[in-house]
Amino acid sequence: MAVQNIDQSRFTWVGKNIKESQAIKRESMSYFQDAMRRLKKNIPAMISFWILIVLMIMAIIGPIISNKLYGHTYKSQNLGDQNQTPFMSNARSIAMVTNDVFKYDDYSSNFRKNKVTFRNVRFKSAGELAFKIGNKAEESWQGDKKEYEIRITVENTDTWNSVIKKLNDAGEKLLSEDPDFRGITFAKKGGNLVIKTHGEKWFNKRYWLGTDEFGRDLWTRLWEGARVSFFIAITSVFFSVMIGIVYGGIAGYKGGKVDTLMMRIIEVLMTVPDLLYIILLLSVMKPGLKPIIIVLSCTSWMGTARLIRGEVMRLKHSEYVIAAQTLGADAKRIIFKHLIPNAMGPLLVNMTMMVPSMIFSEAFLSFIGLGMPAPFASWGVLANQGANVFRQFPHQLIIPAVVISLTMLSFNLLGDGLRDALDPRLRQ
């Protein structure tokens with residue numbers, strides 16, 4: 001390979017570019033600033049963060065709004081407005097009062113009973129057939145206390161077509177005499193007899209999410225329940241973390257026999273399910289806000305203690321800890337001034353994950369009757385009451401269940417985002 005001679009006169013020495021070599025190519029930022037920068041890039045975590053912000057804001061202002069507009073409180077009752085839904089209909093209910101004509105296997109209806117289906121209907125004999133349309137007790141729904149009756153006589157020569165025609169003609173006659181009747185339709189579909197009353201539908205402007213069996217506003221109770229659930233969860237997590245920091249910090253820093261003894265105590269406590277501790281403690285306490293917080297705090301600190309103990313054992317041989325010991329700092333100062341602040345990353349993630357667990361625990365306790373006593377509202381109380389009437393009024397269970405699920409999912413996604421953001425190994 002031939003060697004190429006290059007004329008050195010074609011090159012000029014320009015020296016060092018001191019200014020460019022000393023320029024900061026990347027903006028300086030602290031550990032938490034960098035963590036926030038990475039967290040903001042995590043779209044699911046940020047969406048979850050804003051969902052939680054909205055839920056917390058609504059927990060504060062939701063009951064205030066309904067109280068200012070309509071005077072609702074979480075415990076005010078109005079039995080005349082019980083079991084209303086977010087979307088109302090003034091279609092009247094249907095009840096069969098006389099049936100000498102046909103047999104059927106079973107029947108079903110919607111929650112308002114303005115649509116009824118008799119399955120596998122078969123002629124039995126001639127006779128009377130009558131239905132009551134409307135119910136005085138449903139004035140809040142149908143707008144009045146009117147009741148109507150459709151009664152026909154069925155002959156041996158009648159067929160299903162003639163029976164249906166007689167019923168529809170009787171309904172048309174009632175409608176022509178009183179427009180408030182609003183109409184009714186009888187139809188034979190296959191082997192089933194389907195009856196449906198007519199009416200208008202509108203959004204419930206007074207009770208936005210409907211009412212429960214005592215006529216209490218579900219909008220107010222939902223957000224009042226959010227206050228209770230968030231307060232219980234955040235307060236329980238705070239006390240659990242405080243206990244765990246002290247216990248785990250001492251065990252990790254002291255080490256040796258002290259650490260072994262303290263960890264064996266935790267292992268013994270953790271062998272018994274938390275639910276058993278909770279039931280035992282609540283069986284000797286009156287149900288209420290304080291007992292639930294105490295119970296949840298006393299049964300949830302062990303995991304935090306183990307986490308802090310591991311972080312302290314990892315950090316206690318660091319140079320800055322040795323320097324503090326050399327300067328005469330005592331164990332209390334080293335643990336709470338040097339070690340715990342440097343374990344805040346994993347601790348914050350743990351706290352974020354604990355909040356939905358506390359919310360679910362409170363909801364479960366209220367669901368089984370060990371939570372907030374009546375008339376106080378919490379998400380668990382609402383779910384428990386809604387489960388009792390789910391077949392008739394499914395919205396009373398679906399609404400709190402969706403809010404509980406959304407809150408737990410948001411906290412978990414935010415916790416995952418914090419875990420990734422606070423991990424320095426993922427820094428780019």
key: Only one of Ile47, Ile43 that is surrounded by 12 or more Cβ atoms within 10 Å (Cβ to Cβ) and modelled with pLDDT of 90 or more   = Ile47
request  = Please verify whether the stretch 409-421 includes one or more residues that are without any contact (Cβ under 8 Å) to a residue 40 or more places away in the chain and either surrounded by 21 or more Cβ atoms within 10 Å (Cβ to Cβ) or within 14 Å of Phe360 (Cβ to Cβ) (or both).
outcome  = no
query = Of the residues that make up the stretch 177-188, is at least one closer than 21 Å to Arg122 by Cα, surrounded by 13 or more Cβ atoms within 10 Å (Cβ to Cβ) and among the hydroxyl-bearing types (Ser, Thr, Tyr)?
reply = yes
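Just give me the residues in the stretch 127-145 being part of a loop (DSSP other than H, G, I, E, B) and at pLDDT 90 or above, in sequence order.
Gly134
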ask   = Which of (1) free of Cβ contacts under 8 Å to residues at least 12 places away in the same chain; (2) in contact with an Asp or Glu (Cβ under 6 Å, 6 or more places away or on another chain) is the odd one out, the single condition Gly215 does not satisfy?
value = (1)
ask   = Taking Pro356, is it closer than 25 Å to Phe230 by Cα and within 18 Å of the chain's Cα centre (by Cα)?
value = yes
task = Check His317 against each of (1) surrounded by 14 or more Cβ atoms within 10 Å (Cβ to Cβ); (2) farther than 30 Å from Phe214 by Cβ and name the one condition it does not meet.
result = (1)
key: the stretch 265-290: number of residues that are within 25 Å of the chain's Cα centre (by Cα) and at pLDDT below 85   = 11
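The values are calculated or read from the model by the stated rules, or taken from the named source; none is laboratory data. Note that the structure is predicted; figures quoted are calculated from it, not measured. Please note: Cβ atoms are built from the backbone with ideal geometry, for glycine as well, and neighbour counts cover all protein chains shown.
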